[in-house]
Amino acid sequence: MTGGLSMRVGAVATIGVLVTGCAGGSSAVNSGTPTSASSTTTTATGARRAYPPGRNVVSFDVNGVRRSAIVVVPVDSSRPAPLVFVFHGHGGRGANIERRFDIEGLWPDAIVVYPDGLAGHPGVTDRKGVEPGWQTRLGEQGDRDVAFYDAMLSALSAKLPVDRDRVFLLGHSNGSAFVSLLLNQRGDGIAATANLSSQPSGRLLDGDPVRSMFMAMGRRDPIVPYANQAKSIPLAQRKLGIDPSTETVNGYLRTERGQGNVELATYVYPGGHDPPPEVPGLVVAFFRRHTRSTG
């Protein structure tokens with residue numbers, strides 16, 4: 001389950017550029033040296049230099065391809081911190097979903113990563129795949145995005161006090177489909193996931209580890225029909241061993257529990273493809289309740 005890509009993506013990527021965007025929200029790119037006292041760079045020599053607190057724009061060399069992400073570091077990085085990856089939908093960018101979700105504002109103690117996808121994956125509204133997106137099948141695009149995830153996790157864990165018991169994945173739409181693939185292939189290192197506007201398939205769920213899951217879906221979603229998304233709920237209930245007697249309902253939010261602390265949260269709202277503004281806060285509250293070792 002977790003080793004199927006080891007031959008292709010086992011190499012750790014080098015961070016080529018990292019500059020903070022804290023000063024005036026701007027960022028810059030250089031060839032391997034800091035542009036200011038607050039910025040840091042890790043070179044191919046592997047010199048250990050911590051990321052500065054605040055918003056950093058980071059470049060990764062992944063098998064010769066430059067990849068980018070926004071990394072937001074807590075003010076206090078002296079103790080192990082949860083790590084949250086947030087994957088945008090098809091045609092998006094990390095900066096766009098950062099502004100919309102503001103996970104670091106909701107969870108100031110967390111390290112939050114907003115990666116950028118690449119063109120090449122065809123989407124529902126982009127059949128030629130000219131907009132940025134994420135792979136959704138094993139082997140697609142040479143597993144470039146799984147390799148990107150591996151590189152980010154390795155680099156961040158080397159430079160920051162990441163709590164490896166609290167690594168979380170959040171994705172919207174095409175990014176949610178990628179989260180499902182990562183849970184299937186890298187689930188041993190993931191504490192919990194949140195899927196927004198695109199839910200895990202039964203094909204992937206069958207091979208997934210048992211992990212707490214948050215699902216949000218709109219009844220009037222024009223991109224990923226609600227009827228298709230809703231099929232994942234009973235599949236996840238069976239996978240997680242949910243006890244129906246544990247169900248609680250609070251507005252659109254339903255929570256159910258399986259053995260131990262395993263939890264399935266479903267938020268079915270009356271809107272469309274874009275989740276309502278309360279969803280990121282619900283996801284953060286959900287993540288806070290879970291660790292890899294205790295469900």
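Distance from the C-alpha centroid of the range 209-277 to that of the range 57-78: 31 Å, rounded to the whole angstrom. Dimensions of the range 150-219 based on its C-alpha atoms, expressed as ranges along the principal axes with the largest first, amount to 42, 23, 19 Å.
Between residue 157 and residue 228, the modelled label-to-label distance comes to 3.4 nm, taking each label 7 Å out from Cα in the direction of the beta carbon. The distance between label points at residue 250 and residue 294 comes to 1.8 nm (points 7 Å beyond Cα on the Cα→Cβ vector).
Counting Lys and Arg as +1 and Asp and Glu as -1 over every other residue whose Cβ lies under 9 Å from the Cβ of residue 132, the net charge comes to -1.
Taking each residue as 0.36 nm, the span from residue 50 to residue 165 lengthens on full extension beyond its C-alpha to C-alpha distance by 39.4 nm. The value obtained for the range 230-295, namely the Cα convex hull volume divided by the number of residues, is 100 Å³ per residue.
Once the Cβ-Cβ distance of residue 210 and residue 130 is raised to the sixth power relative to R0 = 45 Å, the FRET efficiency obtained is 0.75. Put simply, when 79-88, 198-207 are sorted by average Cβ atoms within 10 angstrom per residue, most first, you get 79-88, 198-207.
Normalising by residue count, the range 193-270 has a Cα convex hull of 80 Å³ per residue. Positive contributions from Lys and Arg (+1) and negative ones from Asp and Glu (-1), summed over other residues with Cβ under 13 Å from the Cβ of residue 279, come out at -2. The listed residues 252, 226, once ranked by accessible area (1.4 Å probe) with the largest placed first, stand as 252, 226.
Maximal additional length on extending the residue 61-residue 140 stretch stands at 26.5 nm, based on 0.36 nm per residue less the C-alpha distance. You can think of it this way: the chain between residue 261 and residue 100 has 55.0 nm of extra reach, that is 0.36 nm per residue less the Cα-Cα gap.
The values are calculated or read from the model by the stated rules, or taken from the named source; none is laboratory data. None of the values given here were measured: they were computed from a predicted structure. No Cβ is skipped: glycine too gets one built from the backbone with ideal geometry, and neighbour counts run over all protein chains shown. Please note that ligands, DNA and RNA were not included when accessible areas were found on the heavy atoms of the full protein model with its side chains. Shrake-Rupley method; radii C 1.70, N 1.55, O 1.52, S 1.80 Å.
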